[in-house]
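Report on one structure; see the data block that follows.
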Number of protein chains: 2
Amino acid sequence: MTIKLSNTNQRRVIIEELKKLTSHPTADELYEIVKERLPKISLGTVYRNLEQLSAAGLIWKLELSGSQNRFDGNVEKHFHKRCPNCGAVEDIEYHAFAEADRHLTNACQNYAIEGYTLEFRGLCYCCQSS
Amino acid sequence: MTIKLSNTNQRRVIIEELKKLTSHPTADELYEIVKERLPKISLGTVYRNLEQLSAAGLIWKLELSGSQNRFDGNVEKHFHKRCPNCGAVEDIEYHAFAEADRHLTNACQNYAIEGYTLEFRGLCYCCQSS
DNA sequence: TTAAAAAGTGATAATGATTATTAAATTTTA
DNA sequence: TAAAATTTAATAATCATTATCACTTTTTAA
């Protein structure tokens, strides 16, 4: 039951632009970027496609703290760090926490748990130096 | 700089009712409960107080996935599990993940990270049996 | 290849959670 | 105990997201 998505130009540009970024944009941030290539696109289309693409496993929907969801074109296993000051979201390479991840996954196995979400908190580079 | 809060009846009842529960209610769920004792209280008062109480460290604001924030009267160290089916939030006792927690905390120390939030996913008892 | 069916789009309205505003009431301070 | 500070209830405003719908594009299958 793989999800079937049509090949529309809007969808192609949305995923293409998202995969260029490492900034984990919100739907409206990505909308502003995509609009440069498709000036007629509507915000609803961006929301709808991000939802579908993440349901299809082609991107990640980051339901972290904060009022807006963010999206990630990198579906490799990795974690995120959120700046408590400005809200920016950065990647944390998996290897740094691989051992901790193994322990978590093992601990999960005794419980009726399917998985977990791990969100780190810490000042980003910009906020540290100001 | 401890936060100073007045001793209002509304505040007292809100924290009292929250601490009775292990269900991690949303602001509006707690509003319905508090209204039984204070029929004139307004939803805004509940929101404002929950915000203040969590800023003061007297309760926890759970910014988990899902569209509504939840609140927890138990400020002891523990984790949460969220049911992907019904959205219910359950406690997970710390000891089950204490070793994993130690590994995470150690891994954090090499980074500019202050802490982390860990959210487990898994069907709750109700959803498993239906 | 082409016509019917399915899926997607843009514009806009609607929803739902949360925050802001404000005049009146309560609590704290000195 | 009176002035200052804080909080409240009611309500409006905001912000992110989802729904609606007439129209267009893409897919399917003959």
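The values are calculated or read from the model by the stated rules, or taken from the named source; none is laboratory data. Everything quoted here is computed from the prediction, not taken from an experiment. Note: ideal-geometry Cβ built from the backbone for every residue, glycine included; neighbour counts use all protein chains shown. These accessible areas exclude ligands, DNA and RNA; they are computed on the full protein's heavy atoms, side chains included. Shrake-Rupley method; radii C 1.70, N 1.55, O 1.52, S 1.80 Å.
Model label sites at A:Thr2 and A:His78, defined 7 Å from Cα along the beta-carbon direction, differ in position by 2.5 nm. Full extension of the chain segment joining B:Asn106 with B:Glu90 gains 3.1 nm, where the gain is 0.36 nm per residue of separation less the Cα-Cα distance. What share of the DSSP beta bridges in chain A is antiparallel, in percent to the nearest 5? For chain A, the DSSP antiparallel bridge percentage is about 75. Once all protein chains are placed together, B:Phe120 keeps about 0 Å² accessible to a 1.4 angstrom probe.
Within chain A, A:Cys86, A:Cys108, A:Cys126, A:Cys127 have no other Cys Cβ under 4.7 Å of their Cβ and so lack a disulfide-compatible partner by this rule.
Solvent-accessible area of the range B:1-128 (1.4 angstrom probe, protein heavy atoms only): carbon and sulfur portion equals 49 percent. The helix-based estimate of mean residue ellipticity at 222 nm for the protein assembly as shown, built from -39,500 (n - 2.57) per DSSP H run of four or more residues and divided by its residue count, is -11000 deg cm²/dmol to the nearest 500. Computed over protein heavy atoms with a 1.4 angstrom probe, the accessible surface ordering of B:Lys81, B:Lys4, largest first, is B:Lys4, B:Lys81. In this structure A:Arg70 has an accessible area near 40 Å², from a 1.4 Å probe over the protein heavy atoms. Please tell me the relative contact order of the range B:7-113 in percent, rounded to the nearest whole number, where contacts are Cα pairs under 8 Å and at least six residues apart. The normalised contact order for the range B:7-113 reaches 24 percent.
What the protein assembly as shown shows is 57 Å² of accessible area per residue, with the surface traced by a 1.4 Å probe over protein heavy atoms. Shape verdict for the protein assembly as shown, please, from the Cα gyration tensor: rounded (a/c under 1.5), prolate (a/b greater than b/c) or oblate. Prolate is the answer for the protein assembly as shown, as a/c is 1.5 or above and a/b outweighs b/c. On association of chains B and A, roughly 2500 Å² of accessible area becomes buried (total for both chains; probe 1.4 Å).
Rounded if a/c is under 1.5, else prolate if a/b is larger than b/c, else oblate: which is chain B, with a ≥ b ≥ c the root eigenvalues of its Cα gyration tensor? Oblate is the answer for chain B, as a/c is 1.5 or above yet b/c matches or exceeds a/b.
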